[in-house]
Amino acid sequence: HRVSPELSKFLRVELQTVEVTRVRWRGYRNKAIAMVYYRHWFFMLLEIVPIALVLVQLFFPLVASIPLSSVEDGSVQMAVEDDDPLKDFVSSVTNNTLERRYGLRVNDIDDVYLISASHKDESAEAKRQEAGESSMLPSWFASALMARRLLAFSTIGSVSSVYPHGLQSDSRAPPAVAGMPISLPEYIADCEESLSIDGDDIGEGNPIFLGLYVSTTFRNAAAGSNISLSIDWWNHLHQTAPLYPDFPLSAVGLPRLSLIGYVNPLTIPLPKDTEAALETCYLAAHPDAKAWLPGSPNSPHAGFWARMAVTQAYWIGGFGDTQRIGWINMTEWTGIRRKCSLPGIGDGRGWDDIKLPGEKGY
């Protein structure tokens, strides 16, 4: 049929409108499909990422121990690469570089050395460390001098002893503590020089006790217990400066010392001059101890003079990247004196020739 021009124009407009609407709906449909697709992957990623993080933690631990080299007895030294951020901060600030990283080496006598993880010749570095040639650390002899100076200035220490397995009948301790250690504060004084007789140079680093027979420490020692004495320089913290830029004052960066040995009562009676010199030295450190000097008629408890015979000394000079940590050579320990050391001991200096952190001239 023939269609009028007006109707034909109307139909063309309607058809165009239908086509535009169809194209628009097709676009809306495609967008909806895309949104569903990407949303699916988004939620899949939310599930996969936590699982991946857990797997990384399991298969790549933050601390890894790797063998370095064998020593003569066949044992293996270990280097520990520690990713602790505080250690990284300390090492970076101390060495003025962010690229240098450090590990710890512990040798067969428990000496702790800080070593560069990027050092190519580790055995040569270890030899330099053991010879005291490190540019970062004091020599072991200098550390022994500081340890003797710390003892000389210490008046109170924590003494550890062990209860005997068979407690005495008059003991007030419960049976459950038999064979157990106990640590108690005790007065000490570095007064061994007072025992010098006929000009003998005595002063081998054995602290003096004014022991009381009622004391738990000395009752355990009388029953056969060895003892250890721990002292530190921590009460001088506020006389020191921060060890690193922007680093807080820290007591653990200061020296501490543990002495191991046994109680050795002094032979009595002491020569009068020796006893007078010993009392003068001890009372200079503990004036209140005058009330319970041995033989004092008004003493509340019976006492006696004793010396701690030191057989081993363990030194922690501070943080491992600035100070030595480990066992002190006992020949050097016993050979050091106040003004100078005995012939053949270190470089000849005495403990009065070195300073501790916070002292003038340190």
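Quick one: length gained pulling residue 156 to residue 46 fully straight, 0.36 nm per residue minus the C-alpha distance? Don't skip to the answer; put the middle values down first.
Working: separation 110, 0.36 × 110 = 39.60 nm, distance 5.99 nm.
Separation in residues times 0.36 nm, less the Cα-Cα distance, equals 33.6 nm.
Is there a quick way to get the dipole size of region 140-335? I mean about its Cα centre, with the Cβ of Lys and Arg at +1 and of Asp and Glu at -1; what is the value in debye to the nearest 20?
Dipole size: approximately 540 debye.
Sort 164-177, 212-225, 232-245 for me by packing, meaning the mean count of neighbouring Cβ atoms within 10 Å per residue, highest on top.
Numbers: 164-177: 11.0, 212-225: 17.7, 232-245: 14.3.
My ranking of the peptides, most packed first, is 212-225, 232-245, 164-177.
Quick one: give the max-minus-min coordinate of the C-alpha atoms of region 140-335 along each principal axis, largest first, in Å.
Extents along the principal axes, in whole Å: 56, 49, 31.
Show 193, 275 ordered by accessible area, largest first, where the area counts protein heavy atoms only and the probe is 1.4 Å. Kindly include the intermediate steps, with their values, before the conclusion.
Working: 193 80, 275 60 Å².
I get 193, 275, largest accessible area first.
Just the accessible area per residue of region 140-335, please: how many Å² with a 1.4 Å probe?
With all protein chains present, region 140-335 gives 48 Å² per residue.
What is the sum of charges around residue 275, taking Lys and Arg as +1, Asp and Glu as -1, for the other residues whose C-beta is under 15 Å from the C-beta of residue 275?
Details: positive: 272, 290, 307; negative: 192, 193, 273, 279.
Computed value for this residue: -1.
Whose amide H sits under 5 Å from the amide H of residue 189, counting only residues 5 or more places off or on another chain, with H placed in the peptide plane?
Those qualifying (amide H under 5 Å, at least 5 residues apart or on another chain) are 208.
Quick one: 3J(HN,Hα) in Hz for region 311-325, Karplus 6.51/-1.76/1.60 with θ = phi - 60°, rounded, Gly and Pro as x.
10, 8, 9, 10, 10, 10, x, x, 5, x, 8, 10, 9, 7, 9
If you roll a 1.4 angstrom probe over the protein chains with everything in place, what fraction of the accessible area of region 224-362 belongs to carbon and sulfur, to the nearest %? List each step's numbers first, then the result.
Values: 4020 of 7130 Å².
The computed percentage sits at 56.
The values are calculated or read from the model by the stated rules, or taken from the named source; none is laboratory data. Owing to the predicted nature of the structure, the values given are computational and were not obtained by experimental measurement. With ideal geometry, Cβ positions are generated from the backbone for all residues, glycine too; neighbour counts draw on all protein chains shown. Only protein heavy atoms, including side chains, enter the accessible area calculation; ligands, DNA and RNA are left aside. Shrake-Rupley method; radii C 1.70, N 1.55, O 1.52, S 1.80 Å.
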